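First comes the structure, then the notes that go with it.
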Amino acid sequence: MVRDAVIIGAGLSGLVCARRLIDAGVDAIVVEARRRVGGRLCSGRVGDAVVDLGGQWLSVDQPRLLALAGELGVASVPQPRTGRAVLDDGRPRGLFAQLAAMVAQWRAMRRIDRLARAIPAGDPAAAGDSGALDAVALGPWLDGAVGNAVARERIAMHAELVFAVDPAELSLLDYLARLGATGGFAPRGPELPGGGRDHRFAGGAQRLALQLAGRVGSAVRLGEPAHAVDDAADRGALVVRGPAGSHTARRVVLALPPPLALGLGPALPAPVRRFAAAMQRGAVVKCFAAYDRAFWRDAGLSGEAYRPRGTLRAVVDATPPGGGSAVLLGFVVGPAAAAWQHRDPAERRAALLDGLAELFGEPARHPIATLEADWAADPWSAGCVASTPPGALGPGAAWRGVHGRLHLAGTEAAVRWPGYMEGAIEAGERAAAEVIAALSGASP
């Protein structure tokens with residue numbers, strides 16, 4: 001049997017693509033290695049609270065995600081931010097030093113925003129000075145461009161939280177291109193319905209994938225990892241092979257992280273393969289601690305905290321709406337996250353609670369439950385955020401487009417908001433349009 005299309009990966013992008021195809025009358029199926037849908041969207045429970053183990057936020061200037069959530073009936077609520085955020089950089093400073101750091105940070109961010117806006121969307125190699133920008137890493141560039149040490153550390157911390165890699169290993173061009181594609185340090189636009197500039201999804205972001213899978217129905221095949229994509233030229237098709245069997249299709253959509261897609265051996269142009277092979281898969285560990293009550297609010301704190309150095313780089317209030325356990329969520333990123341799985345579980349828990357206690361006081365040492373999600377240890381993700389080191393963004397270095405009978409999706413294939421749910425939706429919609437056009441013989 002030769003199908004019209006096989007989509008590899010039942011994350012948000014693959015499911016968006018599948019629904020578009022099936023609604024258009026295309027004979028398509030989705031094969032997924034995991035025994036669940038959602039990819040890097042996954043819900044868990046700590047205490048009696050449902051939490052997002054993977055992607056979780058809807059932000060301003062993300063119209064596709066906002067529209068999809070509304071269509072699927074998945075409500076969103078503002079991220080709790082009432083109270084004071086903590087910025088702990090471990091540097092005692094007087095008022096003058098604080099003002100100097102704020103001014104230096106503002107100036108540096110304005111300069112970076114200007115540079116980011118000059119990068120062509122979706123094609124950073126087309127920037128006039130792309131070679132020079134791609135030849136240097138962000139870390140050394142910040143050392144030379146930002147004289148104030150406090151401001152420099154804060155900007156480096158922001159980059160590490162976004163890309164989950166050491167800034168010394170991140171291409172300056174990739175950094176600027178991503179900022180430009182995601183609205184810079186502060187995306188513009190009106191507040192989201194219900195107020196606020198960042199929302200979470202009630203019941204978890206994985207509900208989006210579950211709702212989409214329900215509409216696609218039996219076309220989703222769980223527990224079917226793909227091991228290879230081979231050419232069947234005599235049949236005008238490709239063959240997706242795996243331990244559960246093979247599927248032959250006129251078109252194949254790769255809706256999974258590029259480094260994992262390369263492992264299937266697809267026939268891709270050399271620049272695309274080199275680009276995907278160079279991608280760094282940023283390590284992120286999300287660490288949750290549940291409490292009987294949100295004690296930090298008694299001190300006028302929002303539950304939000306940032307540290308330019310140390311194991312925990314950021315903390316947010318992850319308490320779900322409607323009551324239940326109060327939750328703090330800490331982020332371990334970059335090199336510390338890459339080493340996390342090799343540490344003893346008791347040591348990891350102690351590191352989490354020590355960090356939370358330093359930020360929010362002794363009550364943080366006494367949670368009713370803890371939970372962690374280590375995306376670097378997940379074999380079907382092998383990391384959370386894609387980035388490139390210096391020297392990888394030459395001509396043709398893009399993970400998108402049509403290559404023979406192959407189509408590229410996944411959030412890494414997005415022009416706007418790559419690495420986010422918004423980007424996953426964009427890439428899935430575009431891949432579906434390309435498949436429909438190819439099957440009909442028209443241009444997408």
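The values are calculated or read from the model by the stated rules, or taken from the named source; none is laboratory data. These numbers come from a predicted model, not from an experiment. Virtual Cβ from ideal backbone geometry, glycine too; neighbours counted across all protein chains shown.
So that you can scan it fast, the table gives a plain yes or no per residue for (1) in a loop (DSSP other than H, G, I, E, B); (2) closer than 24 Å to ARG3 by Cβ; (3) among the polar types (S, T, N, Q); (4) modelled with pLDDT under 95:
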position	(1), (2), (3), (4)
TYR175	no, no, no, no
GLY183	yes, no, no, yes
GLY194	yes, no, no, yes
ARG200	no, no, no, no
ARG207	no, no, no, no
ALA213	no, yes, no, no
VAL216	no, yes, no, no
PRO225	yes, yes, no, no
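Consider segment 146-183 and keep the residues that are of a type in the set (Lys, Arg) and under 20 Å from ALA283 (Cα atoms). The one that is surrounded by the fewest Cβ atoms within 10 Å (Cβ to Cβ) is ARG154. Given the criteria at pLDDT 95 or above, out of contact with any Asp or Glu (no Cβ under 8 Å at 6 or more places or on another chain) and in a loop (DSSP other than H, G, I, E, B), does PRO379 qualify? So PRO379 fails the test. Considering segment 129-150, the residues that are in a loop (DSSP other than H, G, I, E, B) and not aliphatic (A, V, I, L, M) include one that is farthest from LEU99 (Cα to Cα), namely ASP129. Does PRO271 fit the bill of being in the same structural domain as ALA414 (by TED's automatic domain parsing), at pLDDT below 95 and in contact with a Gly (Cβ under 7 Å, 6 or more places away or on another chain)? Answer is yes for this residue.
Report yes if some residue within segment 96-104 is buried (at least 17 other Cβ atoms within 10 Å of the Cβ), closer than 28 Å to ALA392 by Cβ and touching a residue at least 12 places away in the same chain (Cβ under 8 Å); otherwise report no. No, the conditions are met nowhere in segment 96-104.
If only residues of segment 1-31 that are of a type in the set (D, E, K, R) and either in contact with a strand residue (DSSP E or B) (Cβ under 8 Å, 6 or more places away or on another chain) or part of a strand (DSSP E or B) (or both) are counted, the one that is farthest from MET421 (Cα to Cα) is ARG3. Among the residues making up segment 192-236, those that are charged (D, E, K, R), under 22 Å from the mean Cα position of the chain (by Cα) and more than 17 Å from VAL50 (Cα to Cα) are ARG197, ASP198. The residues of segment 46-88 that are within 26 Å of ALA283 (Cβ to Cβ) and surrounded by fewer than 17 Cβ atoms within 10 Å (Cβ to Cβ), listed by number, are ALA85, LEU87, ASP88. VAL415 fulfils the conditions (1) over 19 Å from ALA69 (Cα atoms); (2) surrounded by fewer than 24 Cβ atoms within 10 Å (Cβ to Cβ); (3) modelled with pLDDT of 95 or more; (4) over 17 Å from the mean Cα position of the chain (by Cα) except for a single criterion, (4).
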